[in-house]
1. Per residue of B:38-51, what is the mean number of Cβ atoms on other protein chains within 10 angstrom of that residue's Cβ?
2. Using a Cα-Cα cut-off of under 19 Å, which lysines could be cross-linked to residue B:56, ignoring same-chain neighbours fewer than 8 residues away?
3. Divide the volume of the convex hull of the Cα atoms of the protein assembly as shown by its number of residues and quote the answer in cubic angstrom per residue.
4. For residue A:41, which lysines qualify as cross-link partners when the Cα separation must be under 23 Å and same-chain residues fewer than eight apart are set aside?
5. For the stretch A:1-77 and the stretch B:32-66, what is the centre-to-centre distance using only Cα atoms, to the nearest Å?
6. Round to the nearest 0.05 the FRET efficiency obtained for residue B:55 and residue A:112 when R0 = 30 Å and r is the Cβ-Cβ distance.
7. Which residue, B:95, B:33, B:80, has the largest displacement toward the positive end of the dipole of chain B when charges sit on each Cβ (Lys, Arg +1; Asp, Glu -1)?
8. Report the Cys residues of the protein assembly as shown lacking a disulfide-compatible partner, meaning no second Cys Cβ under 4.7 Å from their Cβ.
Amino acid sequence: GAVVSQHPSRVICKSGTSVKIECRSLDFQATTMFWYRQFPKQSLMLMATSNEGSKATYEQGVEKDKFLINHASLTLSTLTVTSAHPEDSSFYICSATGQGAEETQYFGPGTRLLVL
Amino acid sequence: QKEVEQDPGPLSVPEGAIVSLNCTYSNSAFQYFMWYRQYSRKGPELLMYTYSSGNKEDGRFTAQVDKSSKYISLFIRDSQPSDSATYLCAWSLGSTLTFGKGTMLLVSP
């Protein structure tokens, strides 16, 4: 099956710093990548959708200047949480769809962010 | 009315039981139906994927879709402790997924 990786799996940072999370599709070309956030015992909340080579589309209520998304290639997307605050602490998960399988998303293992 | 309704559980069953997980939806435009399994502190894993009414079987898992009633189910036969996880139903419209809140399943040995 399609494999998506994320790095790092866990990160702890100080308030005010920026954190970058990488999402990679390992065995397929990801035409579209998605970034989700999940709080404890809650479902996944879509933050943004990105297509390779174009600007990300953000969901309502998600600050695009705070959550910078770059989808520079068909196998890599990055999410940068800028000037992180404790309320940004959450589980961030990426997913990807490939050519010919756009209706199915394959998820990465997630990144747990703790902002002190 | 919420687009997707799913009982959060937890649902506790003994090992070997047949498990039934259910979701209802309101948007008749949804095209594809999926079940994901999510272990604690992990990303969701795609279990089943279908687009038509009826049953689809894969090992111990059977996905059932009833488009007329806007209802989908996931059955797990011979449940194992390793099946303990949160199960998320999802629908797609184009490339966008809509998730249920997930049902936590606990299978006791």
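1. Details: counts 6, 1, 1, 7, 7, 17, 12, 4, 7, 0, 0, 3, 0, 1.
That works out to 5 on average.
2. Those lysines meeting the cut-off are B:67, B:70.
3. Working: hull volume 28.2 nm³, N = 225.
Normalising the Cα hull of the protein assembly as shown by residue number yields 125 Å³.
4. Cross-link targets: B:2, B:42, B:101.
5. 24 Å
6. Details: r = 37 Å, r/R0 = 1.23.
The pair residue B:55/residue A:112 has a calculated efficiency of 0.25.
7. B:95
8. A:13
Quick note: the coordinates plus some simple rules give every number you see, no bench work behind them. Keep in mind the model is a prediction, meaning the values are calculated, not measured. Note: ideal-geometry Cβ built from the backbone for every residue, glycine included; neighbour counts use all protein chains shown.
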